[in-house]
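Before we start, here is the structure in question, set down as structure tokens.
Please treat every number below as a calculation from the coordinates, not as lab data. Keep in mind the model is a prediction, meaning the values are calculated, not measured. All Cβ positions, glycine included, derive from the backbone under ideal geometry; neighbour counts span all protein chains shown.
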């Protein structure tokens, strides 16, 4: 990925290094913020087969080395990806960390359960010296995209990782889909990437035609300062706990039935709810379980802007490998979230529908541009200064769980080969109180991972056990 000249200069000086006069592609406006520069994302896929690590490395390198897919100029002495292969001469079950990784075959059957803790397998999957922030890349000759393969006698763990300024979840989907095409010998089907050497979103937010729906309810500068004083320690310095939650397919069916019955009782018919609406509504109520009834709460969700921008800024047919996100928020009290699962899910759906329009995206980022200094264009917080704020990112549409790497098997496979488990690990700065729906596996189960201030997962686990 290209870094701005100021990044290279400032971080190179910090490290006592001078950047070589390479070709530098300007960093896009919506990639260039302090949050994305401070996070490395690891997408981890576990396959219950032995895969050829050299095929995985060479195919990903060929993809990233293609015209317009390059994020940083490189040569034979500067590889397209950072690559590590670790081999353990044992079955996965015999390794102390790998044996703790859950999978779809051992998923709960009827009710959601906390089935693991990413901290248990993060060093195995990511490496003890994995990059964290932009300082671990600039001036160190480290490619911004990395691949780590961990091999066992019966299992292969694949970790593709990148500094967040490179890509969001839907950009990851484009990378995975086209990586598979290279593995399958179908490189002629790979489209060029749009926005390689120019920023197609450079004017997004400069031409609003209406006010953002929640304008006036954002935190003011004083409100932000108050929120930071109340929560700064847990956000920036406080210890976090991670957990992995599996939501079985059978429970999702019951959840939908409950939500639809709630809506029927309110006289609302034929309403459309996605699985994401149901998951976020149901889990948010668990996440707020430790709060007093009148506590203000905000549920924020990240959304891809690609579809809304198809008619002008991002023409269909070329993947956009970058960050392309907007956000929706629902503001409630803790007591209000408890009244009805269906009504909360409906409000979440209405927020997505309303805030995801082309006009509202323009209005949102108009606000974002006005508040960009000094951190860059970062999400706007809506609610009250004393609120409890949680955030969600849903990777289901990225379909990481459906990445077919059968072409990399050491033994020929006729059927598709999908991961038995997908994990997302974030290094650098962790979500303050945030959750990633990593997707739906081939058996219909959903998986959720979360970063919470220490002690809060205990309340969720208590509620889960009480309702089993």
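What number does region 159-310 give for Rg over Rh if you use C-alpha atoms and the Kirkwood radius? All intermediate terms of the calculation are to be shown ahead of the outcome.
Working: Rg = 21.2 Å, Rh = 21.0 Å.
Rg/Rh: 1.01.
Kindly rank 266-273, 104-111, 249-256 from highest to lowest mean number of other beta carbons found within 10 Å of each residue. Mind dumping the intermediate values first?
Values: 266-273: 11.0, 104-111: 14.6, 249-256: 16.1.
Taking the mean over residues of other Cβ atoms within 10 Å, the ranking is 249-256, 104-111, 266-273.
I would also like to ask the following. Note the full-extension length gain between residue 217 and residue 258 as 0.36 nm times their separation in residues minus their Cα-Cα distance, in nm to one decimal. Spell out each step's value before the answer.
Numbers: separation 41, 0.36 × 41 = 14.76 nm, distance 3.14 nm.
Extra length from residue 217 to residue 258 when fully extended: 11.6 nm.
Three principal axis extents, largest first, for the C-alpha atoms of the chain, in Å?
63, 50, 42
If I stretch the segment between residue 318 and residue 458 completely, what's the gain in nm (0.36 nm per residue apart, minus their alpha carbon distance), one decimal?
On the way: separation 140, 0.36 × 140 = 50.40 nm, distance 4.45 nm.
Roughly 45.9 nm would be gained on extension.
Work out the P(r) tail for region 274-320: percent of alpha carbon pairs separated by more than 16 Å, whole number. Walk me through the intermediate numbers first.
Numbers: 631 of 1081 pairs.
Counting pairs separated by more than 16 Å, the tail of P(r) holds 58 percent.
State the antiparallel share, in %, of DSSP beta bridges confined to the chain, rounding to the nearest 5.
Details: 51 of 66 bridges.
Here the antiparallel bridges make up roughly 75 percent for the chain.
If a/c stays under 1.5 just call it rounded; otherwise compare a/b with b/c (prolate if a/b is bigger, oblate if not). Do that for region 235-332, with a ≥ b ≥ c from the square roots of the Cα gyration tensor eigenvalues.
Working: a/c = 1.85, a/b = 1.23, b/c = 1.51.
Taking the square roots of the gyration eigenvalues as a ≥ b ≥ c, region 235-332 is oblate.
In whole angstrom, how long is each semi-axis of the equivalent ellipsoid of region 384-433, when you take the square root of 5 times every eigenvalue of its Cα gyration tensor and sort them from largest down?
Details: eigenvalues 276, 28, 8 Å².
Equivalent ellipsoid of region 384-433: 37, 12, 6 Å, largest first.
Normalising by the residue count of region 329-468, find the relative contact order in percent from Cα pairs under 8 Å and 6+ residues apart. Write down the numbers at each step before the final one.
On the way: 128 pairs, mean separation 23.4, N = 140.
Taking the mean separation of contacting Cα pairs over the length of region 329-468, I get 17 percent.
Among 53-60, 157-164, how do they line up by average Cβ neighbours within 10 Å per residue, starting with the highest? Could you put the intermediate results ahead of the total?
On the way: 53-60: 19.0, 157-164: 24.2.
Top to bottom by mean Cβ count within 10 Å: 157-164, 53-60.
Placing one identical point scatterer on every Cα of region 74-147 and ignoring solvent, what is log10 I(q)/I(0) from the Debye formula at q = 0.17, 0.18, 0.24, 0.26 Å⁻¹?
Once normalised to I(0) and log-transformed, intensities are -0.83, -0.87, -1.13, -1.22.
Cα centroids of region 28-105 and region 119-163: how far apart, whole angstrom?
Value for the Cα centre distance between the two parts: 6 Å.
Mind ordering 317-328, 292-303 by average Cβ neighbours within 10 Å, highest first?
Details: 317-328: 21.8, 292-303: 17.7.
Ranking, from highest mean packing down: 317-328, 292-303.
Would you calculate the separation in nanometres between label points at residue 34 and residue 142, each defined as 7 Å from the Cα along the Cα-to-beta-carbon direction?
Roughly 2.1 nm, to one decimal.
Once you treat every alpha carbon in region 265-405 as an equal point and sum by Debye, what is log10 I(q)/I(0) at q = 0.19 Å⁻¹?
For region 265-405, the Cα-only Debye profile gives -1.24.
Something else about it: Could you tell me the distance between the Cα centroids of region 207-221 and region 393-468, to the nearest Å?
The distance from the Cα centre of region 207-221 to that of region 393-468 comes to 33 Å.
Right, another one. Rounded, prolate or oblate: which one fits region 384-468, using the alpha carbon gyration tensor with axes a ≥ b ≥ c (rounded when a/c is under 1.5, else prolate when a/b beats b/c, else oblate)? All intermediate terms of the calculation are to be shown ahead of the outcome.
Values: a/c = 2.95, a/b = 2.06, b/c = 1.43.
Prolate, since a/c reaches 1.5 and a/b exceeds b/c.
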